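Novice: Quick one: the structure is below, questions incoming.
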Amino acid sequence: MSRSDDPRLLSGLLSHRVLVLSNTLALAASRYYPRKFGVRLSEWRVIDALHAGGEISANQISQWLMTDKAWVSRSVERLIDEGYVRRSADPGHGRRLLIRLTAKGERAYAAIAAAARQRNENLLASLTAAQQQTLRLALQRLESRADAMLATSHQGFESMDEG
């Protein structure tokens, strides 16, 4: 059965379609990154956050990725063991630990980022430039609306004013 013939309610929901696309891309990355770069997909996500944030805490990374701090901590431990990141005490906060990329981590970032950009270009090549712009704008609006829904007591499962 093709995806368009799927009779399940979920198959027509935006959240499910985005999840399927995300999972498809994540599956490919989870196969490619370890083989090509020696880094798991979860570790790449942490490396990317560290590259963007400089020296930050695991809590900040988990907030950026909107994921569980324990998941981030496990990835950080593996990256420390492999020499991609270094951890040190935060001089401004007694109990917080800060994490930063090592030179090896920066090299891994550069290589994986190039591959990720190429894959992104390959995916977006199926759309015209106008469709790509429309997609970017639509995603911005949907992300904004999802954030607003999350901030309500009903999490968007009840009617919301357009206001």
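The values are calculated or read from the model by the stated rules, or taken from the named source; none is laboratory data. Fair warning: this is a prediction, and the values are worked out from it, not measured in the lab. Counting neighbours? That spans all protein chains shown, and the Cβs are built from the backbone with ideal geometry, glycine included. Just so you know, the surface numbers come from the protein's heavy atoms only, side chains and all, with ligands and any DNA or RNA stripped out. Shrake-Rupley method; radii C 1.70, N 1.55, O 1.52, S 1.80 Å.
Novice: Quick check on the range 99-163: take the gyration tensor over C-alpha atoms, sort the square-rooted eigenvalues as a ≥ b ≥ c, and tell me if it's rounded (a/c under 1.5), prolate or oblate.
Specialist: Verdict is oblate for the range 99-163.
Novice: Where is the GNM fluctuation largest for the chain (alpha-carbon springs, 10 angstrom cutoff): Leu139, Leu101, Leu21?
Specialist: Leu139
Novice: Roughly what would the spin-label model give for Asn59 and Ala129, points 7 Å off Cα along C-beta, in nm?
Specialist: In this crude spin-label approximation the distance works out to 4.6 nm.
Novice: How far, in nm, would the chain grow between His154 and Leu142 when pulled straight, counting 0.36 nm per residue and subtracting the alpha carbon separation?
Specialist: Working it through step by step, the gained length comes to 2.6 nm.
Novice: Separate question: Only helical DSSP H runs with n ≥ 4 go in: add -39500 (n - 2.57) per run for the chain, normalise by residue count and round the 222 nm mean residue ellipticity to 500 deg cm²/dmol.
Specialist: -21000 deg cm²/dmol
Novice: What accessible area per residue, rounded to a whole number of Å², is obtained for the range 1-109 using a probe radius of 1.4 Å?
Specialist: Spelled out: the 1.4 Å probe surface of the range 1-109, per residue, equals 65 Å².
Novice: Can you pull the accessible area of Asp5 for me, 1.4 Å probe, Å² to the nearest 10?
Specialist: 100 Å²
Novice: Also: Kirkwood hydrodynamic radius (Cα pairs, Å) of the chain?
Specialist: Taking the inverse mean of 1/r over all distinct Cα pairs, the chain comes out at 18.5 Å.
Novice: Scanning the chain for GluC sites (Glu not before Pro) in DSSP loops with at most 15 other Cβ atoms within 10 Å, what's the longest stretch left with none?
Specialist: In the chain, the maximal stretch lacking such sites is 83-157.
Novice: If you don't mind, another one. Relative to the longest principal axis of the chain, what angle (0 to 90°, nearest 10) does the C-alpha long axis of helix 14-37 take?
Specialist: 30 degrees
Novice: If you don't mind, there's one more thing I want to ask. Going from most exposed to least, what order do Lys36, Lys104, Lys69 have by accessible area with a 1.4 Å probe?
Specialist: These residues rank, largest area first, as Lys36, Lys69, Lys104.
Novice: Got a number for carbon plus sulfur as a percent of the chain's accessible area, 1.4 Å probe?
Specialist: In the chain, the share of accessible area belonging to carbon and sulfur is 53 percent.
Novice: Full extension from Arg96 to Ser22: what is 0.36 nm times the residue separation minus their Cα-Cα distance, to one decimal in nm?
Specialist: 23.4 nm
Novice: Moving to a separate point now. With charges set only on the Cβ (+1 for Lys and Arg, -1 for Asp and Glu), what does the dipole of the range 68-163 come to about its Cα centre, in debye to the nearest 20?
Specialist: Computed about the Cα centre, the dipole is about 600 debye.
Novice: Something else now. Take every Cα pair under 8 Å in the chain that's 6+ residues apart, average their separations, divide by the length, and report that relative contact order as a whole percent.
Specialist: 15 percent
Novice: If you place +1 on the Cβ of every Lys and Arg and -1 on the Cβ of every Asp and Glu, how big does the dipole about the Cα centre of the chain come out, in debye to the nearest 20?
Specialist: 680 debye
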